[in-house]
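The values are calculated or read from the model by the stated rules, or taken from the named source; none is laboratory data. Owing to the predicted nature of the structure, the values given are computational and were not obtained by experimental measurement. Cβ placement follows ideal geometry from the backbone for every residue including glycine, while neighbour counts extend to all protein chains displayed.
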Amino acid sequence: MDLFNKIKGGLYGVAVGDALGGTTEFMTAREIKHQYGYLTEIIGGGVWQLAPGEVTDDTMMTLCVAEGILDNPAAPVESIGRHFLNWHQSKPKDIGNTILHAFHNYEGNWFEAAFLTDLDLGQSGGNGSLMRCLPVALAYRKLTDIERVSRQQSKMTHYDETCNEACIIYNRIAYRLLQGEELKHAIQKEITGTKYEDMLTNAPNCEPSGYVVHTFRWVLHLLLHSSSFSGVVQEAANLGGDSDTIGAIAGGLAGIACGYPEIPSNYSSVLLVKDRLDEISERLYRIRNYFPNGFHWY
């Protein structure tokens, strides 16, 4: 499979998982079963009253990270931040509590804003930086660059080191997929020796919540035990809880692994942001080719 379709598959995977799971966010599995049976189509609705094909903060912040990197790949933090603030000014339906606090605390230094947010809330261990981090792996070729920017974009809003660690593990898996490794092998290599290693043999013993460790456990479980892209995003949506974010995070890696052509058209064609996904996919592909040896950091 060519690199472009892996990159495009990753971005579309985030958006599909988000749009499908947005219908069932905050519901229980029992409530989902009662109302939908087993949800398999992108129909909108839910707590945010989404239009069919509408995405939430998971996809929109992912696109902000991508556009910020594309604006200034050698020093992306401030440009990512500008895109975050512009998106916030659009009055989105859905925005996480940690991220909202960080936006309010921002006075010119994102890392200080994240630190103050952690103090304000008593914690900053949500999944909001993990949900948006995939463009880092899609844009940069060198693993050292991927690790550096994964941490930077995370610490803009999430001070908790658990969040930064999850972003790095996630994007190391994505890096392996972009090199042509098989999904389950890539996951095994990257979670062995970490707090997530038990996902290789056990089911999650936690709720599908917004705590980053719980979210990532469910993401890994779905990726290791589902046999198709559709299976991954559908199972995420039918978990309930933070289903849109779990779907977006799992869908991103599943989309790289299968490639854009294998994402069902009944999913990809209905996304309201598909033109933007197409454009950014092309730009990410071009930037990898234009800077094959990495960037000069300053």
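If you go through the range 100-116 and pick out every residue that is touching a residue at least 12 places away in the same chain (Cβ under 8 Å) and in a loop (DSSP other than H, G, I, E, B), you end up with 1. Taking the range 84-99 as the range and being in a helix (DSSP H, G or I), under 16 Å from Asp160 (Cα atoms) and not hydroxyl-bearing (Ser, Thr, Tyr) as the test, the residues that pass are Asn97, Ile99.
Every residue in the range 170-209 that is assigned to a loop (DSSP other than H, G, I, E, B), charged (D, E, K, R) and within 30 Å of Phe4 (Cα to Cα), please.
Let us first name the residues in the range 170-209 that are assigned to a loop (DSSP other than H, G, I, E, B), namely 179-182, 192-196, 201-209.
Those still in the list that are charged (D, E, K, R) too: 181-182, 195, 207.
Of everything in the range 170-209, those that are assigned to a loop (DSSP other than H, G, I, E, B), charged (D, E, K, R) and within 30 Å of Phe4 (Cα to Cα) turn out to be Glu181, Glu182.
Table: residues versus (1) closer than 27 Å to Gly180 by Cα; (2) surrounded by 22 or more Cβ atoms within 10 Å (Cβ to Cβ).
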{"residue": "Val14", "(1), (2)": "yes, yes"}
{"residue": "Asp18", "(1), (2)": "yes, yes"}
{"residue": "Ala29", "(1), (2)": "no, no"}
{"residue": "His34", "(1), (2)": "no, no"}
{"residue": "Tyr38", "(1), (2)": "no, no"}
{"residue": "Asp57", "(1), (2)": "no, yes"}
{"residue": "Cys64", "(1), (2)": "yes, yes"}
{"residue": "Val77", "(1), (2)": "no, no"}
{"residue": "His88", "(1), (2)": "no, no"}
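Restricting attention to the range 268-282, the residues being buried (at least 17 other Cβ atoms within 10 Å of the Cβ), more than 16 Å from the chain's Cα centre (by Cα) and assigned to a helix (DSSP H, G or I) number 2.
Can you confirm whether Gly37 is small (Gly, Ala, Ser) and either at positive phi or at pLDDT below 95 (or both)? In short, yes. Among the criteria (1) surrounded by 22 or more Cβ atoms within 10 Å (Cβ to Cβ); (2) farther than 14 Å from Ala66 by Cα, the one Phe103 does not fulfil is (1). The set of residues in the range 11-27 being closer than 20 Å to Asp242 by Cβ and in a helix (DSSP H, G or I) consists of Gly13, Val14, Ala15, Val16, Gly17, Asp18, Ala19, Leu20, Gly21.
Scan Phe4, Phe26 and give me the residue that is in contact with a helix residue (DSSP H, G or I) (Cβ under 9 Å, 6 or more places away or on another chain) and over 30 Å from Tyr175 (Cα atoms).
Phe26
Of the residues making up the range 33-61, those that are under 18 Å from Arg132 (Cβ atoms), in contact with a Phe, Trp or Tyr (Cβ under 9 Å, 6 or more places away or on another chain) and assigned to a loop (DSSP other than H, G, I, E, B) number 2.
Select from the range 220-267 the residues that are hydroxyl-bearing (Ser, Thr, Tyr) and assigned to a helix (DSSP H, G or I) and write down the one among them that is surrounded by the most Cβ atoms within 10 Å (Cβ to Cβ). By that ranking, first place goes to Thr245. Taken over the range 138-170, the criterion of being surrounded by 21 or more Cβ atoms within 10 Å (Cβ to Cβ) and either farther than 26 Å from Asp118 by Cα or in contact with a Leu (Cβ under 7 Å, 6 or more places away or on another chain) (or both) is satisfied by Leu138, Ala139, Tyr140, Cys163, Ala166, Cys167, Tyr170.
Criterion first (touching a residue at least 60 places away in the same chain (Cβ under 8 Å), surrounded by 24 or more Cβ atoms within 10 Å (Cβ to Cβ) and assigned to a loop (DSSP other than H, G, I, E, B)) does Ile7 satisfy it? When the stated conditions are applied, Ile7 does not pass them.
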